[in-house]
1. Can you work out ³J(HN,Hα) from phi for every residue in region 22-33, in order, using Karplus 6.51 cos²θ - 1.76 cosθ + 1.60 and θ = phi - 60°, giving whole Hz and x for Gly and Pro?
2. Give me the dipole magnitude in Debye, nearest 20, for region 1-45 about the Cα centre, with unit charges on the beta carbon: positive for Lys and Arg, negative for Asp and Glu.
3. If you compute Rg/Rh (Cα atoms, Kirkwood Rh) for the structure shown, which of (i) 1.11; (ii) 1.24; (iii) 1.04 do you land on?
4. Using each residue's phi in region 7-15, evaluate 6.51 cos²θ - 1.76 cosθ + 1.60 at θ = phi - 60° and report the 3J(HN,Hα) Karplus result to the nearest Hz, with x for Gly and Pro.
5. Once both labels are modelled 7 Å past Cα along the beta-carbon direction, what's the Asn14-Thr62 spacing in nm?
6. What residues have an amide H closer than 5 Å to that of Val25, excluding those fewer than 5 places away on the same chain, when H is modeled at 1.01 Å from N in the peptide plane?
7. For region 47-55, in order, what is each residue's ³J(HN,Hα) by Karplus, 6.51 cos²θ - 1.76 cosθ + 1.60 with θ = phi - 60°, in whole Hz (x at glycine and Pro)?
8. Please state the relative contact order of region 7-52 as a whole percent: Cα pairs under 8 Å, 6+ residues apart?
Amino acid sequence: MTRYTVIIERGERNYSAYCPDLPGVVAAGETEEETVELMKEAIEFHLEGLREDDLPIPEPTTSARCIEVAQ
C-alpha cells in the first residue's frame, strides 16, 4: 500500500483537494470527508490508467505538517 499526500483546501461553499505527487489529480466536495473519498477514487483511477498504459507509477515524495504559531 502506498500513501500519497493530499492537500485539502476549504472554500466558501465546498472543499477541494489535490495531490502534489500526481499533477492533475483533483477533487471537490461539499464536505471534507466527501472530498477525501473522491480524492481516493481519483488517485486509484489515475494509477489504474498509468498501469494500463505501462507508464511508471510516481513514488510519493511530498509530506505535510501542521505547525502551530502564536498570533
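1. With the stated coefficients, region 22-33 comes to 10, x, x, 8, 9, 7, 8, x, 6, 10, 4, 4 Hz.
2. Numbers: 4 positive and 10 negative charges, 33 e Å.
Result for region 1-45 is approximately 160 debye, rounded to the nearest 20.
3. (iii)
4. Those phi angles translate into 9, 10, 10, 8, x, 5, 10, 7, 10 Hz.
5. My value for the distance between the label points is 1.9 nm.
6. Cys19
7. Karplus-based 3J(HN,Hα) across region 47-55 equals 5, 4, x, 4, 5, 4, 8, 6, 9 Hz.
8. On the way: 59 pairs, mean separation 12.8, N = 46.
Averaging sequence separation for qualifying contacts and normalising by length gives 28 percent for region 7-52.
Rule-based calculations on the coordinates, nothing more; no lab input. For clarity, every value in this text was computed on a predicted model and none was experimentally measured. Here Cβ is always computed from backbone atoms with ideal geometry, including for glycine, and neighbour counts include all displayed protein chains.
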